[in-house]
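The values are calculated or read from the model by the stated rules, or taken from the named source; none is laboratory data. Values in this document were obtained by computation on a predicted structure and should not be read as measured data. Glycine also receives a Cβ, built like all others from the backbone with ideal geometry; neighbour counts cover every protein chain displayed.
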Amino acid sequence: MKRLSLFSAVVVSLFAVCTAHAQSSQSREEDARVVTASNTAVNELLVYKTDGSLAEQVRTGGVGGVSGNAGGIAQNHDLLAVVNFGSKNVSVFGKDASLGLHLIGLVPAVANPVSVVFHGDHLYILTTTHVESHLMSRFGVDPHPDGEAALVVADGSAAQVGAVDGQLVISEKTNVIETVDLNSNGAVAGSSKPVANIPANVNAPFGLVTRGDDAYVTIAHANEISLVRNDAVLTVTDSGTQQAPCWVTLDGPFLFSSNSPSHSVSRYAVYGQKIVQDAAVVATFQGNPADIVYRDRLAAVVDANGVVSHVSIFDVDGDGNFTLKHAVTINNIATNGIAILRDDSHFNF
């Protein structure tokens, strides 16, 4: 009888733990937020709950106007940054425990900013002509850069910046993928330089995503995705039936590309030097996808159809399948950038 009672107690205890875990997971998902930018003359952050309701609308203090870019919004554990293309600055927000945002300050940029990324203790800003580094502290982001470098082409076609170990990787749509080194303190040092082995048919590098030493860079008009490592293109994969993979996101084994003219998202498995298309289409849209983010089995895509924009929020299962949770219509075709905010006590960036 004592053994049976002990067994029953263990079962009840395990059930309670599993139930609590499930409830906790559900609670964390309900607490997640999806944020985009209006990208208008009065630039604002639009923050949505995963049920599609608007949780918060916060002015950036700057002027929007960016296009043909990705990574217009970036975040780390404590901060969120958004580009203000028209006013040549970047807004930096603090995040509180309930995922509310409050403006800390504006960081001037040397030219019109198009993309931002946090890495280590720095914020990196890609502009139409330069890339620059700004040191972070407990007070926010230093408005004065501690390093900068001119881009290889610098003709206004800069698309996105990403960080790998000791370097930044940058795409310029005028057929250049380039890197710039960081010094031991994380500041931009030296000059930007094209990577080796860029494909002969290269046509419009657009979006990129990084992890460790690897950067996955789209070559949109050539319908390709490339792997860049150690200043060279190692692998190039065709996008198959889907045209112009523009923007990409990565978490775990899956890389997802938003294919603007095909109005779709594709799924790839990435490992070692391999990029393997696992599913040509996992989601479709009314308009052209402009940016995509995926984090902890939640994905979000912003698209525009020439009349309005949409923010679509998806659950993503363990096999990388998308299930639409909610889609929000925004009466503005300029909406730009996308990020997922979660409680950092449970999730990592």
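This table checks each residue for (1) over 28 Å from S137 (Cα atoms); (2) in contact with a Leu (Cβ under 7 Å, 6 or more places away or on another chain); (3) modelled with pLDDT of 95 or more.
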position	(1), (2), (3)
A41	yes, no, yes
S53	yes, no, yes
Q57	no, yes, yes
T60	no, yes, yes
N69	no, no, yes
- prompt: Which condition number in (1) of a type in the set (D, E, K, R); (2) at pLDDT 95 or above; (3) within 20 Å of A232 (Cβ to Cβ) is the one that D155 fails?
  reply: (3)
query: Looking only at region 236-252, which residues are in contact with a strand residue (DSSP E or B) (Cβ under 7 Å, 6 or more places away or on another chain), without any contact (Cβ under 8 Å) to a residue 40 or more places away in the chain and closer than 18 Å to G272 by Cβ?
result: V236
query: Which condition breaks for S53 when tested against (1) out of contact with any strand residue (DSSP E or B) (no Cβ under 8 Å at 6 or more places or on another chain); (2) touching a residue at least 40 places away in the same chain (Cβ under 8 Å)?
result: (2)
message: Return the residues of region 102-140 that are in contact (Cβ under 8 Å) with a residue 60 or more places away in the chain and more than 20 Å from the chain's Cα centre (by Cα); say none if nothing qualifies.
response: G140
- prompt: Cβ-Cβ below 9 Å, separation at least six or inter-chain, first residue in region 204-225 and over 16 Å from Y271 (Cα atoms), second part of a helix (DSSP H, G or I) and not acidic (D, E): which pairs?
  reply: A204/A220; A204/H221; A204/A222; P205/A220; F206/A220; F206/H221; G207/A220
task: Hey, can you tell me all the residues within region 225-235 that are in a strand (DSSP E or B) and surrounded by fewer than 22 Cβ atoms within 10 Å (Cβ to Cβ)?
output: L227, R229, A232, V233, L234, T235
- line: Condition set under 20 Å from the mean Cα position of the chain (by Cα) and more than 29 Å from I219 (Cα to Cα), scope region 59-90, selection surrounded by the most Cβ atoms within 10 Å (Cβ to Cβ): answer is T60
statement: In region 210-264, residues that are hydroxyl-bearing (S, T, Y) and either over 22 Å from D303 (Cβ atoms) or touching a His at 6+ places or on another chain (Cβ under 8 Å) (or both) total 4
